[in-house]
Structure formats: structure tokens, C-alpha cells
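Undergrad: Just passing along the structure, written as C-alpha cells.
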Amino acid sequence: MSLNASLAEESARDRAAHAHTGAWLAGLLRERIAEGHLLPGSKLSEQALADAFGVSRNTLREAFTVLAGEQVVTRIPNRGVLVASPGAEGVREIYRVRRMLEPAAVLWGPELDVAALKAIVADARAALARGSVPEMADANQRFHAELVRGTGSTDLQELMTRVLARMRLVFHSMRHAPDFHSHYVELNAGLVDLLAEGRREEAAEALRGYLDQAEAELLEHLEA
């Protein structure tokens, strides 16, 4: 199914439940970016998206304003709206948020689902065996979303969705560096082992180190 067809189907399902507000539409576009359907530098056609969602251009522009404020899209004069391509400072800001949010979720999340995390690691290992970088990246995104889901907070999950949308754009720059994704498969597995044993403090500390390492690798790649 094409992206436009998928968007149109979802729009039809939700039509009765939503007023087609800019915030609602921004959420759907953000999810598409987090899932890797809209890539960095992609131009977002007002006409195509308005038709796909069955919304007015004014509603679409409201959504673009929300996403621009989150640095998920960029408005460029005479070119239109493009999916953002985060630079070094964007990466630093992403990891500032992640270092505050994710270790706290690991340490105190009341609804942390270790079985769900184990299943995601199994998917990541299968992707690694196939040599599929996109699937490894998908599993990594789902793993970190699941950690924050364990907080039980819809507000924190929404914040994490925004962070993951920007992370997906950063990951795209690493698509030709499969080792970046592959070694995080086993780092995630190590976190799950600690959580399965109830060693939350150690898991939170390991995750902080993991995030520091990932940020350093990304910055080195971008600056190179």
C-alpha cells in the first residue's frame, strides 16, 4: 500500500473521531516520521497531504507550525516545508532529553513490561541476523518507546514520540554504518537482563552510559 493510500485509510477511520485539528494532524505526521516513512530532506506537498488526509490547507499549515516548533520539519523560503535534517546541536538536544527521561523510566516506571522488551530484542536479533539495518533501527525505536511506555504517563509518551521522530531523522544519516545499529542490539539485551533480575539502578546507570556513547558516535559521524 502506498503512503498516500495508508494515510487516506487512517484519515477515513478517524474522521468521525477528530475535528481535523492542526495538533491531531501534527501527531499523525510525527508518527510517520518516527516510523521512517518520511525521510530527512523530503518536501511535504501541501496538496498531496491535504488530499490524503481530507483536510484543508489551513489545517495542514497549523500542523506544520507545530512540527516546525519541534524541529521535526523546516520551512525554507521559496522551497516550502521539508522534513528536517538535524545537525550536531540538534543531536545534543535530543540526548539531553533522553538522558533525563529514559533512565528515570527504567528506574521508576511502574508499568515496565520486561516481556515486551524481550520480544523487541528478539526482533532486533533476527534483523541483525538478516543484516537488515532498517529493521534494527525500527526495533531500537520500539525498544526505547517501550521503556517510556512503562511510566504509564501519556504526556511522557507523547514527548518520547517527538524525540523518536527526531531520532529517526538522525538515524537516517547512519544508514550506511550498520555497525552503529548492530552493537546496540546487544546493549539493549543487556538492559533487559538487568531489568529481568530487578536490578533497576544498574540498568539506569548502564543506560546513561549507553546514551553518552550513542551521542558521541553520532556527533563524530556528523562532524566528519
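The values are calculated or read from the model by the stated rules, or taken from the named source; none is laboratory data. Bear in mind the structure is a predicted one, so any value in this text is a computation, not a measurement. Heads up, the Cβs are rebuilt from the backbone with ideal geometry, glycines too, and the neighbour counts pull from every protein chain shown. Remember, those area values only see protein heavy atoms, side chains included, never the ligands or the DNA or RNA. Shrake-Rupley method; radii C 1.70, N 1.55, O 1.52, S 1.80 Å.
Undergrad: Go through the stretch 78-114 and report how many residues are open to solvent by less than 20 Å² (accessible area, probe 1.4 Å) and not in a helix (DSSP H, G or I).
TA: Total meeting the criteria: 5.
Undergrad: Would you check which residues across the stretch 39-49 are open to solvent by 20 Å² or more (accessible area, probe 1.4 Å) and aliphatic (A, V, I, L, M) and list them?
TA: 39, 48 - these are the residues of the stretch 39-49 that are open to solvent by 20 Å² or more (accessible area, probe 1.4 Å) and aliphatic (A, V, I, L, M).
Undergrad: Could you tell me whether residue 147 is open to solvent by less than 20 Å² (accessible area, probe 1.4 Å) and either closer than 22 Å to residue 85 by Cα or not basic (Lys, Arg) (or both)?
TA: Yes: the conditions hold for residue 147.
Undergrad: When the stretch 144-169 is examined, which residues are found to be among the hydrophobic types (A, V, I, L, M, F, W, C), under 16 Å from residue 37 (Cβ atoms) and in contact with a Gly (Cβ under 9 Å, 6 or more places away or on another chain)?
TA: Correct list: 169 only.
Undergrad: Given the options 23, 52, name the one that is under 30 Å from residue 146 (Cβ atoms), of a type in the set (A, V, I, L, M, F, W, C) and surrounded by fewer than 14 Cβ atoms within 10 Å (Cβ to Cβ).
TA: Only one candidate passes the filter, namely 23.
Undergrad: I'd like the full set of residues that are modelled with pLDDT of 85 or more and surrounded by fewer than 20 Cβ atoms within 10 Å (Cβ to Cβ), limited to the stretch 150-178.
TA: 152, 153, 154, 155, 156, 157, 158, 159, 161
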